[in-house]
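Here is the structure we will look at.
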Amino acid sequence: MHLTLDHHSGVPISQQITGQIKYLVVSGGLAPGERIPSVRALAARLRLNPTTVARVYRQLEAEGVIFTHPGRGAFVAGRPPGLTQAEQRRRLEGDIRRLLVEAGRLGVSFPDLQRWIEEEIGQIEQLRDAR
C-alpha cells in the first residue's frame with residue numbers, strides 16, 4: 001500500500017491517509033479481504049506517531065471501510081450489503097452539497113465540475129480494469 005503525504009498542503013495528515021486508503025479501495029488497489037499494514041508498520045513507514053494512524057484506522061473501521069481481527073490485523077471490508085439507492089443518496093448528499101458550494105465559491109462552472117467528475121470516474125474505472 002503506497003501512500004504519499006504532503007506536510008505543506010494544509011490538509012491534515014489523518015485526512016490525507018483516510019482519503020488515499022478510500023481511493024485505493026474504490027479503485028481496486030486494495031481488494032476486499034486484503035490485509036493492510038499494522039498501525040505500527042504504517043506509522044513507521046510514514047514516519048508518524050502511531051496514535052495518528054490508529055485514529056485513521058478507527059475512523060475507517062467506523063465507516064465500514066476496514067475491519068479488524070484482534071491479533072490478526074486489519075483488513076479491507078467489502079461493500080456494505082443491501083443499501084438502497086435512497087440510503088446511498090442520503091449518505092452522499094452532504095458531501096455533494098459541500099462540493100457544489102466549494103466549486104461555486106471558487107468560481108468553477110457546473111459544466112466544468114461535471115466534466116472533472118466524469119474524468120475522475122474514468123480514471124478510477126481504468127484503474128479497476130487494469131487490476
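The values are calculated or read from the model by the stated rules, or taken from the named source; none is laboratory data. Values in this document were obtained by computation on a predicted structure and should not be read as measured data. Quick reminder, even Gly has a Cβ in these numbers, built from the backbone with ideal geometry, and neighbours come from all protein chains shown.
Answer with yes or no whether residue 59 is assigned to a helix (DSSP H, G or I), under 23 Å from residue 6 (Cα atoms), touching a helix residue (DSSP H, G or I) at 6+ places or on another chain (Cβ under 7 Å) and among the polar types (S, T, N, Q). It would help to see each step written out before you state the result.
Working: assigned to a helix (DSSP H, G or I): yes; under 23 Å from residue 6 (Cα atoms): yes; touching a helix residue (DSSP H, G or I) at 6+ places or on another chain (Cβ under 7 Å): yes; among the polar types (S, T, N, Q): yes.
Yes, satisfied.
Per-residue answers, yes or no, for (1) surrounded by fewer than 14 Cβ atoms within 10 Å (Cβ to Cβ); (2) under 26 Å from residue 95 (Cβ atoms):
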residue	(1), (2)
13	no, yes
21	no, yes
28	no, yes
33	yes, no
39	no, no
43	no, no
55	no, yes
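Tell me yes or no: at least one residue of region 72-87 is surrounded by 11 or more Cβ atoms within 10 Å (Cβ to Cβ), under 23 Å from residue 11 (Cα atoms) and in contact with a strand residue (DSSP E or B) (Cβ under 8 Å, 6 or more places away or on another chain). No, there is no match, as no residue in region 72-87 is surrounded by 11 or more Cβ atoms within 10 Å (Cβ to Cβ), under 23 Å from residue 11 (Cα atoms) and in contact with a strand residue (DSSP E or B) (Cβ under 8 Å, 6 or more places away or on another chain). Every condition in (1) closer than 16 Å to residue 69 by Cα; (2) in a helix (DSSP H, G or I); (3) out of contact with any helix residue (DSSP H, G or I) (no Cβ under 7 Å at 6 or more places or on another chain) holds for residue 20 except the one numbered (1).
Per-residue answers, yes or no, for (1) surrounded by fewer than 10 Cβ atoms within 10 Å (Cβ to Cβ); (2) modelled with pLDDT of 95 or more; (3) assigned by TED's automatic domain parsing to the domain that holds residue 19; (4) among the small types (Gly, Ala, Ser):
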residue: 63; (1), (2), (3), (4): no, no, yes, no
residue: 70; (1), (2), (3), (4): yes, no, yes, no
residue: 97; (1), (2), (3), (4): no, yes, no, no
residue: 101; (1), (2), (3), (4): no, yes, no, no
residue: 115; (1), (2), (3), (4): no, yes, no, no
residue: 121; (1), (2), (3), (4): no, no, no, no
residue: 126; (1), (2), (3), (4): no, no, no, no
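Considering only residues of region 23-45 that are part of a helix (DSSP H, G or I) and within 27 Å of residue 130 (Cα to Cα), which is farthest from the chain's Cα centre (by Cα)? Here the residue is 45. For region 1-11, the set of residues classified as in contact with a helix residue (DSSP H, G or I) (Cβ under 9 Å, 6 or more places away or on another chain), surrounded by fewer than 12 Cβ atoms within 10 Å (Cβ to Cβ) and not charged (D, E, K, R) consists of 2, 4, 7, 9, listed by residue number.
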